[in-house]
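The values are calculated or read from the model by the stated rules, or taken from the named source; none is laboratory data. Because the structure is predicted, anything quoted here is derived from the model rather than measured. Counting neighbours? That spans all protein chains shown, and the Cβs are built from the backbone with ideal geometry, glycine included.
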Amino acid sequence: MGTSLYNQLDSATVKVANVVEFLVNTRLPTMLTRQGARGQTIGMLAGREDRWGRKITPVQAAGRWLGINIISVSPEQTRAITEVRAQDLRKEMYRVKNDPCKSEAAKAAAEAGYREKIAELAGEAPAAILPIKKKPGNEVVFAALIEMERQGILRTGPPSRSIEIGGILATLTMELYREYLGKSSDVIHRRMEPLVISEK
C-alpha cells in the first residue's frame, strides 16, 4: 500500500507492534479498529483531541456505531485550508511575475489580483492571514489590517505554533496556541486601536 509502518530506528518490539496493528486494522471490520467506532468511542471517553484540536462528542461516537460519520470543521482546520489557498495564490503570482514573456502591466495586475484575493481570504479566515483574532462587532483594527494587506504593506502574519526556547524547538499545544493568539491579539488591539482611530 506504500504506507510506512515504522521508523527504521524503532526497537524490534515497536516494529512488530506496528505491523500487527496494521494487519489487524486491514483485516478486522472497520468499526472495531482505532479509526472506527471503537477507536472513536475510546477517544471520546479519554477526552483526546485530534491534531486540529477537536474532541469527539458522544453524538459523534454513537453515530460511528450506526455508520454515520459526523465531522465538524475546527477553526484550526479552516486556518490550515486558507493557508494552503494563500500559498497557491502566492505561487501563481510569482509564476506570472517571474515569467519573462509577461508584460509589466500583466505582472502588476497579477500582484494586484493576488492582494485582493488575500484580503478576501483574511476576511473569511483572519487567523490564517492576519496577526490577530477578529473581535465581535465593527472592528477598526481588523479593517485596517485587511486594508494594509490589500495595499501590500502588511509584512506580518499569524504567529507560529513553533517556538524556540534556549535553542530547543518546541510546538505549542492547540490549547496553548489559542491562548497565545488571544493574548497577542489583545496586545495588538490595544496598541493599534488609538492609532487607527486617530488616522480617521
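For Leu89, the requirement of being assigned by TED's automatic domain parsing to the domain that holds Lys183, surrounded by 12 or more Cβ atoms within 10 Å (Cβ to Cβ), closer than 30 Å to Glu199 by Cα and not β-branched (Val, Ile, Thr) is not met.
Of the residues making up the range 147-179, those that are more than 15 Å from the chain's Cα centre (by Cα) and part of a helix (DSSP H, G or I) number 6. Is it true that Ile56 is at pLDDT below 90, assigned by TED's automatic domain parsing to the domain that holds Gly36, farther than 30 Å from Glu149 by Cα and surrounded by 11 or more Cβ atoms within 10 Å (Cβ to Cβ)? Considered against the rule, which asks whether it is at pLDDT below 90, assigned by TED's automatic domain parsing to the domain that holds Gly36, farther than 30 Å from Glu149 by Cα and surrounded by 11 or more Cβ atoms within 10 Å (Cβ to Cβ), Ile56 comes out as yes.
Here Ala127 meets each of (1) over 24 Å from Arg54 (Cα atoms); (2) in contact with a Pro (Cβ under 6 Å, 6 or more places away or on another chain) with one exception, condition (1). Of all residues in the range 160-200, exactly one satisfies the criterion of being touching a helix residue (DSSP H, G or I) at 6+ places or on another chain (Cβ under 6 Å) and within 16 Å of Ala128 (Cα to Cα), namely Arg161. Can you pull out the residues in the range 107-163 that are among the hydroxyl-bearing types (Ser, Thr, Tyr) and buried (at least 18 other Cβ atoms within 10 Å of the Cβ)? Tyr114, the sole residue that qualifies. When the range 164-200 is filtered for residues that are touching a residue at least 24 places away in the same chain (Cβ under 8 Å), more than 19 Å from Arg79 (Cα to Cα) and surrounded by 13 or more Cβ atoms within 10 Å (Cβ to Cβ), the ones remaining, listed by number, are Ile188, His189, Met192, Glu193, Val196. Return the residues of the range 12-50 that are modelled with pLDDT of 85 or more and exposed (fewer than 11 other Cβ atoms within 10 Å of the Cβ); say none if nothing qualifies. Of everything in the range 12-50, those that are modelled with pLDDT of 85 or more and exposed (fewer than 11 other Cβ atoms within 10 Å of the Cβ) turn out to be Ala12, Thr13, Ala46.
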